[in-house]
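Accompanying notes for the structure given below.
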Amino acid sequence: MKSTKLFLATLLLLGGQVLCAQRTTATLYGSVKDASGAVVPNAKVHATEELTGIRHDTAANDRGDFTLPFLPVGQYRIEVETNGFKTF
């Protein structure tokens, strides 16, 4: 009987941790490069959620890498812009 209570208590504790681990956001990582493959530093990156129209902005670093953390789950349109290039 004691082992059954311990098992149930353990199961409940583990079940709670699994529920807390579920995510409703994601992180988008990327690199901005031109047609020749050269990095494009400091480019502005915009992710617009198609359903709500909410825009999340960031900028690439000096190596062309960017991160957009905590994006709500959904479909996004990604735009990249910088001086001397057409918005993509």
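How about segment 23-53: which trypsin sites (Lys or Arg not before Pro) there are in a DSSP loop, with at most 12 other Cβ atoms within 10 Å of their Cβ?
Details: sites: R23, K33, K44; in loops: R23.
When the trypsin sites (Lys or Arg not before Pro) of segment 23-53 are filtered for loop state and at most 12 Cβ neighbours within 10 Å, R23 remain.
As a test of reading the structure, rank T48, T24, T82 by solvent-accessible area (1.4 Å probe, protein chains only), most first.
Numbers: T48 15, T24 105, T82 40 Å².
Descending order: T24, T82, T48.
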Hydrodynamic radius of segment 22-78 per Kirkwood, over alpha carbon pairs, in Å
12.0 Å
With the crude spin-label approximation of a point 7 Å out along Cα→Cβ, what separation in nm comes out for T24 versus K86?
4.0 nm
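The values are calculated or read from the model by the stated rules, or taken from the named source; none is laboratory data. All values reported here derive from a predicted model rather than from experimental measurement. In this analysis, Cβ positions are derived from the backbone assuming ideal geometry, glycine residues included, and neighbour counts consider all displayed protein chains. Protein only, heavy atoms only, side chains kept; ligands, DNA and RNA dropped before computing areas. Shrake-Rupley method; radii C 1.70, N 1.55, O 1.52, S 1.80 Å.
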